[in-house]
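Asks: My questions all concern the structure below.
The values are calculated or read from the model by the stated rules, or taken from the named source; none is laboratory data. What you are looking at is a predicted structure, and each value in this text was computed from that prediction instead of being measured. Here the Cβ positions follow ideal geometry from the backbone for every residue, glycine too, while neighbour counts run over all protein chains shown.
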Amino acid sequence: MAKQEKQRLWEERIEAFLASGQSQRAWCQEQGLRANQLGYWLRKYKARMSQSAGKRWISMESESHSHSGVSLRIGNIVLDIEPGFSRQVLVDVLHSLMNVC
């Protein structure tokens, strides 16, 4: 099997595993696969997803001239962005959050 075919197969398996809600061991037993294989491909998959996460940024222009700031809520995390914020600090904070979440 070619490398790309194998990668595509495991991506499909990982998506099925994640959607199943089962433990790695239970899902692998049901599928006739070794849990260590799934663990290996999960690590590769997560690494690839975290690398591509940096490519999900979008540009956003505000048409509002309000000076009220913005609150960004992600789960239990609240990030208040006040007028005059440092754009680089915001970028650094968001990158850090993406690595944790």
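Asks: For residues that are touching a helix residue (DSSP H, G or I) at 6+ places or on another chain (Cβ under 8 Å) and either hydroxyl-bearing (Ser, Thr, Tyr) or more than 9 Å from Trp10 (Cβ to Cβ) (or both), tally how many sit in the stretch 30-41.
Replies: Looking only at that region, the number is 5.
Asks: Taking the conditions exactly as written (at pLDDT below 85 and in contact with a Ser or Thr (Cβ under 7 Å, 6 or more places away or on another chain)), does Val78 satisfy them or not?
Replies: yes
Quick grid of which residues meet (1) at pLDDT 70 or above; (2) within 17 Å of the chain's Cα centre (by Cα); (3) in a helix (DSSP H, G or I):
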| site | (1), (2), (3) |
| --- | --- |
| Cys28 | yes, no, yes |
| Lys44 | yes, yes, yes |
| Gln51 | no, yes, yes |
| Met60 | no, no, no |
| His65 | no, no, no |
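Asks: Here's something else I'd like to know. Listed residues Leu9, Leu38, Leu18; which is assigned to a helix (DSSP H, G or I) and touching a residue at least 24 places away in the same chain (Cβ under 8 Å)? Let's see the steps before the verdict.
Replies: Working: Leu9 fails: touching a residue at least 24 places away in the same chain (Cβ under 8 Å); Leu18 fails: touching a residue at least 24 places away in the same chain (Cβ under 8 Å).
After applying the criteria, what remains is Leu38.
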